[in-house]
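To start, the structure itself, in structure tokens.
The values are calculated or read from the model by the stated rules, or taken from the named source; none is laboratory data. Because the structure is a prediction, the values reported are computed rather than measured. Neighbour counts are summed over all protein chains in view; Cβ atoms, including those assigned to glycine, are modelled from backbone coordinates with ideal geometry. Quick note on the areas: whole protein, heavy atoms, side chains included, nothing else; ligands and nucleic acids left out. Shrake-Rupley method; radii C 1.70, N 1.55, O 1.52, S 1.80 Å.
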Amino acid sequence: MVVKVAINGYGTIGKRLAEAVTKQPDMEIVGVAKMTPNYDAIIASKNGFRIFTSPDRIQKFEETGIDIAGVIEDMIEQADIVIDATPGGQGAKYKELYMAKGKKAIFQGGEKANVAEVSFNALCNYDKAIGKSFVRVVSCNTTALCRIIYAFKQAFGVKKVRATIVRRGADPHEIKRGPIEALVPNPVKLPSHHGPDVKTVIPDVDITTSAVIAPTTRMHLHVVNLELEKSASREEIWDVLEKTPRILVFSEKYGFNSTASLIEWARDILRPRYDIYEVAVFGDSITCDGNEVWLMYCVHQEAIVVPDNIDAIRAMMEIETEAFKSIEKTDKHLGVFKRWPI
Ligand code: NAD
């Protein structure tokens, strides 16, 4: 079966998802929804994606010479499943339309958890999404925390997690967000929303998070402290993280010591748009004291949720009922690395 996928909202996340879907042999794109006839729309069209828009925007597209295949409702009708990658809060408004058309939908982390039946991370709870109609792939920061907690939980058991999230102020293309010169506690009063969000995927975890927004655009950085059920050495932890899908461990001895070197690496290996789908752990930051562990890792906010969205399609459409088979398939076709290759 080849699943027909519609992408509603062709922005930072939507454009990456459209390309990721086309790389998978068991799914195809029926169209992407765009609201503005800008360079993104021209590239989408050149890449062979049929563009749909709202009725009041058709004329604008026609004036710019960009072909329109129809209105968003037409696109939804033609799809088996919709990935909603509209700005946070819009997805909940679209849900009625998806329901009216009898279509399944995947929402993103900007939506409230109650928009969907399941908040999803492929490593943690693939099974819960099997056959479901509405699934929410959690945000970039929550996805990274879930992958890391999953790895520690499987290997050593986790008593508690305390994490500080240094958030990027804006995505690279966003000119209206900040700060330009400030570090902003987000929020000042703890905890940040990330801990409760992780609990929507891993309900039994004891987690508290704080967050600070920093004037950078390329990646988030997490400083995490875990108390484990049993003690573990740095070598054991390094090994477990290396063996966990979608986590890569980078060594300082090769020059990996900042978000800048990680992005440069992704550019040098010609990852599309320098996308890093994997959680990028600074291996040398792993520090142990009995049952306690500290580590730091980076999160490419624009790319990390892409593989999980693909897995959510397979689970919801029941074309693959085994989590690790889907993860393997997604990662193979997307080019996700199993280990950091030297
Ligand atoms: P974006 O603003 O880059 O893209 C959203 C797209 O949707 C834009 O192309 C916009 O024109 C379009 N759009 C706006 N209103 C629409 C409507 N009514 N109908 C159809 N299309 C509409 O946003 P994004 O960063 O891609 O975020 C999308 C979702 O993904 C949000 O829930 C966000 O929280 C989540 N997310 C974002 C990131 C990130 O770092 N950018 C990471 C993970 C998850």
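The Cα center of the stretch 137-164 and the Cα center of the stretch 209-258 differ in position by 11 Å. Listed by chain and number, the lysines whose C-alpha is less than 22 Å from the C-alpha of Lys95, apart from same-chain residues fewer than 8 away, are Lys4, Lys15, Lys34, Lys103, Lys104, Lys112, Lys128, Lys132. Report note on the peptides 260-269, 244-253: ranked by the mean count of other C-beta atoms within 10 Å, highest first, their order is 244-253, 260-269.
Solvent-accessible area of Trp294, all protein chains in place: 90 Å² (probe radius 1.4 Å, heavy atoms, ligands and nucleic acids excluded). DSSP beta bridges fully contained in the stretch 132-223 are about 40 percent antiparallel. Net charge of the neighbourhood of Glu229, taken over other residues with C-beta under 11 Å away and scored Lys/Arg +1, Asp/Glu -1, is +3. Working value for the chain: equivalent-ellipsoid semi-axes of 34, 22, 19 Å, each the square root of 5 times a Cα gyration tensor eigenvalue, largest first.
The distance linking the stretch 1-59 with the stretch 65-79 is 10 Å (Cα centroid to Cα centroid, whole angstrom). Contact order for the stretch 249-294, expressed relative to its length and based on alpha carbon pairs under 8 Å spaced 6+ residues apart, stands at 42 percent. Relative contact order, whole percent, for the stretch 194-342 stands at 27, derived from Cα pairs under 8 Å and 6 or more residues apart. Calculated FRET efficiency, Glu318 and Ile175, Cβ-Cβ r, R0 45 Å, to nearest 0.05? Calculated transfer efficiency: 0.60. Based on protein heavy atoms only, the chain ends up with 43 Å² per residue of surface accessible to a 1.4 Å probe. For a straight C-alpha distance cut-off of 21 angstrom, the lysines reachable from Lys338 (same-chain residues fewer than eight places away being disregarded) are Lys23, Lys153, Lys243, Lys253, Lys325, Lys329. In the chain, what percentage of the DSSP-assigned beta bridges are antiparallel, given to the nearest 5? Bridges in the chain are about 40 percent antiparallel. Take the Cα of Val188, step 7 Å along the line toward its Cβ, and report every residue of the stretch 212-255 whose backbone nitrogen sits under 19 Å from that point. Flagged as within label range: 212-215.
Contact order, relative form, for the chain: 17 percent (alpha carbon pairs under 8 Å, 6 or more residues apart, mean separation divided by residue count). Atom-type composition of the exposed protein surface of the chain places 52 percent of the accessible area on carbon and sulfur (1.4 angstrom probe).
Calculate the tail of P(r) for the stretch 9-157: the fraction of all Cα-Cα distances greater than 18 Å, expressed in %. Of all Cα-Cα distances in the stretch 9-157, 60 percent exceed 18 Å. Looking only at Arg50, Arg273, Arg136, which one moves most when the chain is put into a Gaussian network model with springs between Cα atoms under 10 Å? Residue with maximal mean-square fluctuation among Arg50, Arg273, Arg136: Arg273.
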